[in-house]
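One structure is given below, encoded as structure tokens.
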Amino acid sequence: MRIKTLSAAVLITLFLCGCSEAKPVSETVFAMDTVMEFTAYGEGADDAVNLAVQAVRRLDGLLSATDPNSEVFALNSGETVELSPDTAVLLTKSLAISTLTGGAVDITIYPIVKAWGFTTSEYTIPQPSTISDLLEKVGYNKVVFDGNTRTVSLPEGMEIDFGAVAKGYASDVCVKEMTSTGVKSALINLGGNVCAIGTKTDGTPWNIAIKDPNNSDKYLGLLSVADKAVVTSGGYERYFTGDDGEVYWHIMDPSAGMPAKSGLISVTVICESGVYADGLSTALFVMGKERAIEFWREFGGFDAVLVSDDGQVYITSGIENSFTLRDTDLYTLSIFE
Ligand code: AMP
Ligand code: MG
């Protein structure tokens, strides 16, 4: 997993080299279970990168489901917790995204994620009866959160996993911290959750490579963006093959308690908010192409690249001129209006 994430970071970096004349300040750290890379240019770049690194370390300490000192760990242990402002904001946004997506993304999915072994890499296919028992504990609308006191308690057996949204939220916090130093050109890559601040120093957009879900050494296409988050959810990121020969991946359909087999193998969302891009990329993956496009038409405010298991790439019209497919023999491109 770490190696895969690292190769994504390297891939993106490749496209950044030679992009800018100013000397970058760059730092790579391991946090939130992934390799993170911060690059900033110009005045304030040093401070910007330092602030971003501090921010992700702080958020990791709050949000990790496995760190016994984290707020999420305390919550999942059944305690009533007075949340820090960051966790409270993330919880509020997560619940809003869950509502917006009709529960396609649901941060209370943790008991199911654990049952399949995705937290320990000891993978197993749970019995249907186990899944239906655990699904009783899942339901974002049962989280009792008082926004005034920032206190939250979970019904017995419910557990939270911010895995689908935490890196996106962290990128939003990093953008705030980094731009507070006056930096106008920077790139944040949180294990494939990318956020571009401004443009390259020559004023042209950043080029972000989206991974090819069928070939980890290749990229699917390039997106040119400025001031945008670009977040991909892919089945290929974490999966196992069962004795039955089936591939089971880490993105769950909360209505079934099973890995989401919607026909999509990769979803990238492009929008101004990192946390929305992150939440929506997971949600659209669960929804599948038809529902995802319906959702985009109804709510808008973002663009998307959907890759289906039959080699089709669908993009929304807003990125028609900023997305370039690498291999037009391997994939067929369609544009949604
Ligand atoms: P992402 O890579 O952003 O799509 O998030 C996937 C991670 O979020 C998984 O590794 C799980 O920890 C968690 N997760 C999986 N399925 C869901 C879901 N439907 N809603 C919320 N979290 C999920
Ligand atoms: Mg996500």
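The values are calculated or read from the model by the stated rules, or taken from the named source; none is laboratory data. On a predicted model such as this, the values are computed, not experimentally measured, just so you know. So basically every Cβ, Gly included, is an ideal-geometry build from the backbone, and we count neighbours across all protein chains shown. The accessibility values were calculated without ligands, DNA or RNA, using every heavy atom of the protein model including side chains. Shrake-Rupley method; radii C 1.70, N 1.55, O 1.52, S 1.80 Å.
Between K176 and V144, the simple spin-label model (points 7 angstrom out along Cα→Cβ) gives 2.8 nm. Karplus-based coupling profile of region 103-118, in residue order and whole Hz: x, 4, 10, 9, 5, 8, 6, 3, x, 6, 4, 5, 4, 7, x, 6, with θ = phi - 60° in 6.51 cos²θ - 1.76 cosθ + 1.60 and x standing for Gly or Pro.
The label point for R297 and the one for T99, both projected 7 Å from the Cα toward the Cβ, are 2.6 nm apart. Each listed q (0.20, 0.23, 0.31 Å⁻¹) maps to a log10 I(q)/I(0) for region 229-286, found by the Debye formula over equal Cα scatterers with no solvent: -0.70, -0.87, -1.23.
On average, how much accessible surface per residue is there in the chain, in Å², for a 1.4 Å probe, leaving out ligands, DNA and RNA?
On a per-residue basis, the chain sits at 43 Å².
Shape descriptor for region 197-248: Rg over Rh equals 1.19 (Cα atoms; Rh from the Kirkwood inverse mean 1/r).
If R0 is 30 Å, the Cβ-Cβ spacing of N215 and M258 corresponds to a FRET efficiency of close to 0.70. Approximating the spin labels as points 7 Å out from Cα along Cα→Cβ, the Q127-to-T151 distance works out to 3.9 nm. In the distance distribution for region 101-154, Cα-Cα pairs more than 18 Å apart total 44 percent. Were the residues from K114 through T80 laid out at 0.36 nm apart, the gain over their Cα-Cα distance would be 10.0 nm.
In terms of overall dimensions, the C-alpha atoms belonging to region 109-185 reach 55, 34, 15 Å along their principal axes, ordered largest to smallest.
The Cα trace of region 220-332 gives Rg and Dmax of 14.1, 45 Å, the first to one decimal, the second as a whole number.
Chymotrypsin sites (Phe, Trp or Tyr not before Pro) within region 100-165: which are DSSP loop residues with at most 16 other Cβ atoms inside 10 Å?
Loop-located and lightly packed - Y123.
Among K114/K289; K142/K228; K23/K228; K184/K228, which pairs are too far apart, with a Cα-Cα distance over 25 Å? In this structure, K114/K289; K142/K228 exceed 25 Å between Cα atoms.
For the chain, the mean residue ellipticity at 222 nm estimated from helices alone is -10000 deg cm²/dmol, where every DSSP H run of n ≥ 4 contributes -39500 (n - 2.57) and the total is divided by all residues, rounded to the nearest 500. Amide H to amide H, with H built 1.01 Å from N, K211 comes under 5 Å of L220, counting only residues 5 or more places away or on other chains.
Would you work out what percent of the accessible area of region 112-270, with all protein chains in place, is carbon or sulfur (probe 1.4 Å)? Intermediate values should be presented prior to the final figure.
Working: 3040 of 6560 Å².
Carbon and sulfur: 46 percent of the exposed surface of region 112-270.
Across region 279-289, computed HN-Hα scalar couplings (Karplus, 6.51 cos²θ - 1.76 cosθ + 1.60, θ = phi - 60°) run x, 6, 5, 5, 5, 5, 4, 5, 5, x, 4 Hz from first to last residue, x flagging Gly and Pro. Can you tell me the FRET efficiency between T204 and S317 if r is taken as the Cβ-Cβ distance and R0 is 22 Å, rounded to the nearest 0.05? The formula returns an efficiency of 0.50 here. Per residue, the convex hull around the alpha carbon atoms of region 285-337 comes to 75 Å³. What the Kirkwood sum gives for the chain is a hydrodynamic radius of 20.2 Å, with every pair of different alpha carbons counted. Computed on the Cα trace of region 60-141, the radius of gyration divided by the Kirkwood hydrodynamic radius gives Rg/Rh = 0.98.
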